[in-house]
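These notes concern the structure reproduced below.
The values are calculated or read from the model by the stated rules, or taken from the named source; none is laboratory data. What you see is a predicted model, and the numbers here were worked out from it, not measured in a lab. When we count neighbours, we look across all protein chains shown, and the Cβ atoms used for this are built from the backbone with ideal geometry, even at glycine. Side chains are part of the model used for accessible areas, which takes the heavy atoms of the whole protein and leaves out ligands, DNA and RNA. Shrake-Rupley method; radii C 1.70, N 1.55, O 1.52, S 1.80 Å.
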Amino acid sequence: MIQTLKAWRDARRRLLALGALACVLGATAIVRVDLAQRRDAFLAEARDAHRLLGQGTARLDAVLATLALLAPPGPAGADATARLPALYPQVLAAWRREAAGGDWPDAAARSGVPLAALAQAEARSRGLPAATRHAVLAGLDTARGRYTLVLAGTPASYALQVDARQLVAPGAWPWRSGQPMLARLVWGGQAVTLQDERGDPARPRGLTRGFTFEQTLASASQDFGFQAQRLVGPAQWPWAALVAWALLCAGATALALRGQRQRAERRRAAELERLARTARLGTLGELAAGVAHELNQPLTAALSGTQTALRLLRDEPLAAPTQATVLQALELAAAQVRRAGEVLARLRRQMQPGAAPAALAPVELGVLVRHLGVLWAPELARHAIAWRVEGQAPPALGDAVAAEQVLHNLLGNAVQALQLGPSTGRQITLRLSATLTHACCAVRDNGPGVPAAAQARLFAPFFSTRDGGLGLGLPLCQTLALAMNGAVRFQVPVGGGAEFVLELPLARTSPAPP
């Protein structure tokens, strides 16, 4: 089956498409696996952060409950309260108000906590049942990340100003700096930001909102909602793995293309070898035909002379022993000459165009021309010969192998002729056309051309214009063309050079039934 250049290009395009598809599918799988791993890690870290925040709020509840139960009255209790910030990093300030009378200290107001808010929070705490009484929030300072916690008690009430960002020790916080994270505590429509490294929220680095986590802290006094969000997108993709995969796909595709190219070269070499083998066989046949033609007359003359000698010896006998010996030798020679003549005649009949015609079928000359262009491409490039195909031709009636052999020989002659001329501007043009009865393919080169004195003998056996040529290539082309009811003719093109035209009868197709 003839593999044309279009088929080779289609195979190359399929390999490239498969390589690109494998690269895209593999990259998609890598990104999806990475996203799944990031999601699982985020959820585990978010649950860890929620647990640590819950422990921090429970610790503050325990501190307030201990103060309410164990702190001594009077100045000693105030001193114990004042020492709390040194013991707990998350406590920025602690205040005490005697239940018997008195106001919250002015230090609370200087810390940015309204005294009225402390009084209201104390009232709400005191309004709870004594058995389940707990601290309540007096408000949030969202700008500085602080909030105030108040517990009403007897003989004193206590208030703590808490740094929300210190609820969890820095070394225990699950998210390191530099991640596109948002973590915050939400209460009453307000939020205290614990970590925000999203950059510009209006234009995040990720393409989507990414992963989110939201859950309320298990604290009656500090019922914050904990919210966490991690952005995802191309900035967080595993680019090293993606690049490695792309390089792997590119390498595999390159290897596949190289293998395909090597297979194409092997097919090209096989086709050239097939054409060369056919040419050698055709050359041998043409040589045999030429030898038979050239030896026919000498054998005829030898037979005629032998028969004349026999007739003369019979008319004028020699001595008996000599006569018999000479007659026997001459008769033997005549018989062998007749036998050689019959062998040559049979060989000539076998080599005649109409002796054993091949089965003829529709042949696309354009397909043969494109196939020859693929086979001859390296040789044409090596000799800096430009290649051009013009026109179109309808299907012809012939033998595809024989027609390809003719065009192959004509093309080889054109290449050899161009090597005798200048090394630049070399060009071969194949022009497809048709007449009313024949499809034509002309092979034209812009080489030195054929001398006028040699044009009449181009198709004669053993005549060649090239040094060392056998002179059997063009006779073989003519023999093959005649066997297909066609012909090969030479003409001098306008502008110089040489042009050989292969003509084959058109393939007649019957009309489709109505």
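Among the residues that make up the stretch 492-507, is at least one of them within 24 Å of Ala276 (Cβ to Cβ), open to solvent by less than 80 Å² (accessible area, probe 1.4 Å), modelled with pLDDT of 85 or more and part of a loop (DSSP other than H, G, I, E, B)?
no
Residues in the stretch 177-224 that are open to solvent by 80 Å² or more (accessible area, probe 1.4 Å), at pLDDT 85 or above and closer than 22 Å to Ala36 by Cα: how many?
2
Which count do you get for residues in the stretch 432-485 that are surrounded by fewer than 19 Cβ atoms within 10 Å (Cβ to Cβ) and among the basic types (Lys, Arg)?
Qualifying residue count, the stretch 432-485: 2.
Please find, among Arg146, Arg96, the residue that is touching a strand residue (DSSP E or B) at 6+ places or on another chain (Cβ under 7 Å), in contact (Cβ under 8 Å) with a residue 60 or more places away in the chain and not small (Gly, Ala, Ser).
On inspection, the qualifying residue turns out to be Arg96.
What residue, of Leu16, Leu67, is open to solvent by 60 Å² or more (accessible area, probe 1.4 Å), in contact (Cβ under 8 Å) with a residue 24 or more places away in the chain and hydrophobic (A, V, I, L, M, F, W, C)?
Within the list Leu16, Leu67, the selection yields Leu16.
For the stretch 20-53, name all the residues that are open to solvent by 40 Å² or more (accessible area, probe 1.4 Å) and of a type in the set (D, E, K, R).
The answer is Arg32, Arg38, Arg39, Asp40, Glu45, Arg47, Asp48, Arg51.
If the Cβ limit is 8 Å and pairs must be 6+ apart or interchain, which residue in the stretch 160-188 that is within 28 Å of Gly233 (Cα to Cα) pairs with which residue that is of a type in the set (Val, Ile, Thr) and surrounded by fewer than 19 Cβ atoms within 10 Å (Cβ to Cβ)?
Listed pairs, sorted by first residue: Leu182/Thr193; Ala183/Thr193; Arg184/Thr193.
Ala454 fails exactly one of the following numbered conditions: (1) over 46 Å from the mean Cα position of the chain (by Cα); (2) part of a loop (DSSP other than H, G, I, E, B); (3) of a type outside the set (D, E, K, R). What is the number of that condition?
(2)
Only residues that are exposed (fewer than 12 other Cβ atoms within 10 Å of the Cβ) and either under 17 Å from Ile30 (Cβ atoms) or charged (D, E, K, R) (or both): list them for the stretch 252-277, please.
Arg258, Glu265, Arg266, Glu273, Arg277
Yes or no: the stretch 461-481 includes at least one residue that is in a loop (DSSP other than H, G, I, E, B), modelled with pLDDT under 85 and among the polar types (S, T, N, Q).
Within the stretch 461-481, one or more residues are in a loop (DSSP other than H, G, I, E, B), modelled with pLDDT under 85 and among the polar types (S, T, N, Q).
Among Val450, Val443, which is the only one that is of a type in the set (A, V, I, L, M), within 28 Å of Leu360 (Cβ to Cβ) and free of Cβ contacts under 8 Å to residues at least 60 places away in the same chain?
On the way: Val450 fails: within 28 Å of Leu360 (Cβ to Cβ).
It is Val443.
Looking only at the stretch 76-93, count how many residues are aliphatic (A, V, I, L, M) and without any contact (Cβ under 8 Å) to a residue 60 or more places away in the chain.
Selection size over the stretch 76-93: 6.
With respect to Val401, determine if the residue is touching a residue at least 12 places away in the same chain (Cβ under 8 Å), in a helix (DSSP H, G or I), over 33 Å from the mean Cα position of the chain (by Cα) and under 27 Å from Arg263 (Cβ atoms).
Taking the combined requirement at face value, the residue satisfies it.
Which residues, taken from the stretch 227-264, are part of a helix (DSSP H, G or I), closer than 30 Å to Arg47 by Cβ and not aromatic (Phe, Trp, Tyr)?
Pro234, Ala235, Gln236, Ala240, Ala241, Leu242
Identify, by number, the condition in (1) at pLDDT below 90; (2) among the aliphatic types (A, V, I, L, M); (3) buried (at least 18 other Cβ atoms within 10 Å of the Cβ) that Ala169 doesn't meet.
(3)
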